[in-house]
Structure formats: structure tokens, C-alpha cells
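Every read-out reported here was derived from the displayed coordinates using simple, explicitly stated rules and does not represent laboratory data. Keep in mind it's a predicted model, so treat the numbers as computed, not measured. In this analysis, Cβ positions are derived from the backbone assuming ideal geometry, glycine residues included, and neighbour counts consider all displayed protein chains.
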Amino acid sequence: NMSIKEVASNRSFGGWQKVYQHESEECKCTMRFGFFPPQAEIKKCPALYYLSGLTCTEQNVVTKGGTQGPAAKNGIVVITPDTSPRGCNIEGENDSYDFGSGAGFYVNATEDKWKTNYRMFAYVTKELPQVIRANFGDKVDGDKMSIFGHSMGGHGALVCALKEPGKYKSVSAFAPITNPIQCPWGQKALKGYLGDNIEDHKEYDSCELVKKYKGPVLDILIDQGTNDEFLKRELFPDHFQTACADAGVKLNLRLQEGYDHSYYFMSSFMEDHINHHAKYLNA
Ligand SMILES: N[C@@H](CCC(=O)N[C@@H](CS)C(=O)NCC(=O)O)C(=O)O
């Protein structure tokens, strides 16, 4: 079932910030996503997926990310999925901010309790692009997509690009969780969704994945605020920098003086990121 329903529509920068909902096959629940086609199009636009961080829905980036202006300027459709399945009546799904609802970590869960619904990797990389293709064939060029995200979503974006070589033309991240197997957020989520085997966790760790990446050349942009309250405990951009250098993958890691982990930080550099993707999507 590829049908979608419009639940919000607001004029913005000459386009429309929309929100749609649909019944997801992968997540077995109703999922929402934001959708911003820059103009009432005369040509198909490339698509840029934005993955949000812990506790977010599609609303956080839609209202605070500042994607619309730069997306309109570059003629790019921005697609903003939710961060997890919701309302699945799984025991404990709403107990903590960093696991379950709002915290899908962009994995395909294998643990019994979660595996039926928590399939965010498949949802983001396969189902959502199919839904977009089926509903917006006239607006979106299904062959041109890129991905970026913030924190848990930065981890998600890097993992999607590294696990699916060639699917995305470019990848970038704001304050990504780069080495989840070594940080409290990541360890809790990967253990909870995937079980105890560390080898399974490595399949969703950018530092591990970049070591064995074999695909088209990647030019990764990461922005990281130096006053980010989670920098030293959860994010470890230095680990990813070392892993990229070892693997010969090009990384532009920019440390942004005094910025924190919030949307004040992301919105400040949103235009740079969208321009980065436009370079590849509009090539
Ligand atoms: N609320 C959590 C942190 C959650 C958090 O910082 N979430 C980030 C993503 S990792 C976010 O974007 N929050 C929503 C917002 O700022 O709009 C805490 O108290 O430690």
C-alpha cells in the first residue's frame, strides 16, 4: 500500500512545506514525514533525506532546521522521516528518551520484542524512497538522492551511505554519533535492538563500516560544535576522523567554536550542508 495522506501544508520560500502520513509496511504502523518540494515543479528535483536525533519527530527540523530557504534556492526536495515507529504497544516503548519511541537508531531490529516494527534502516533506505517514487513521480527524481542528519540521525545518515554504496550521491552530518559501539546511547540501543553480539553492533557503526567501505568516492562533511554537551561522552568525531584517514575516505570535519547540540547550531550551518549536497545532486 503506497497511498499517503496530507496532514499539513504551509507555503514557504515559494514552495510548500507538507507533512504526509502513511501506513508503513516495514514498521507496521502509521508513519509521518515532512516533504518540501521547492516549487510547484516543472521538472523533477533530486531528493535529500534528513534523519533527526533522539526525541524528535519530523516537526523539529521542519520548524527549526531552516531547510526550506536553501532547498528552494537549490531546487532540492527535502524529506524528513520520523525517528522511530510509534504507538505499536510494545511494552516499555515509551519508557526512556533514548530507546524505543523517538529513538529507532535507524537499525533493523532483530530482538523479538522490537523486530516486527523497529525496521528504520529498511524504512529509510527502501520503503520511503518507494513511497516517494509512487506518489511524486512527477516531482522527484528517484535516481538522485542524498542523505544527512543530526546526532542519532547523523549516525543514521553515515550508516545508510556506508552500507548502501552508490545509493546516495553525498552524505553529511551535524554532531553525529560516530562510534555507537563505544558510547552509552549507542550501546544501549544496539544491545536493545540487536542483542548481545558485538559483531552485529558493528554493522551499524560508522567507524567500523568505513574501514570496509568499497564504493563510489565519498566526500563527507561533518559539522561539530565545540560546546556540544554530548561531544565527549557520545559523539567522538575524532574516532571517525581517524577511521576515515585510515580508510582513505575524504572527510571535512569542521569544529564550530562555541556551538552546542541544538537546532540553533544546525540552522546556522544548514545552508552549507544543502549546498554541499546540491554540488552532487545537481551535477
Ligand atoms: N533530552 C535529552 C537530549 C535529547 C537531545 O538533545 N535531542 C536532540 C537530538 S540528539 C534534539 O534534536 N532534540 C530536539 C530539539 O532540540 O528540538 C537529554 O535531556 O539528554
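Full extension of the segment from Asn197 to Thr55, taken as 0.36 nm per residue of separation minus the current Cα-Cα distance, would add 48.5 nm.
Put a dot 7 Å past the Cα of Thr242, heading toward its Cβ, do the same for Glu164, and the two dots end up 3.1 nm apart.
Extending 7 Å from Cα along the Cβ direction at Lys28 and again at Ile42 yields two label points whose distance is 4.8 nm.
The packing ranking of peptides 194-206, 50-62, highest mean first, is 50-62, 194-206, where packing means the average number of other beta carbon atoms within 10 angstrom of each residue. Label reach from Lys211 (point 7 Å along Cα→C-beta): in the range 222-249, amide nitrogens under 11 Å belong to 243, 247.
Distances between every pair of Cα atoms in the chain, grouped in 10 Å steps from 0 to the bin holding the largest one, split as 7, 32, 38, 20, 3, 0 percent. For the pair Ala122 and Asp138, label points projected 7 Å from Cα toward Cβ lie 3.2 nm apart. Dividing the mean sequence gap of close Cα pairs (under 8 Å, 6+ apart) by how many residues the range 4-281 holds gives a relative contact order of 17 percent.
Lys and Arg at +1, Asp and Glu at -1: add these up for the other residues within a Cβ distance under 11 Å of Glu203 and post the number. Within the 11 Å Cβ shell, the charges total -1.
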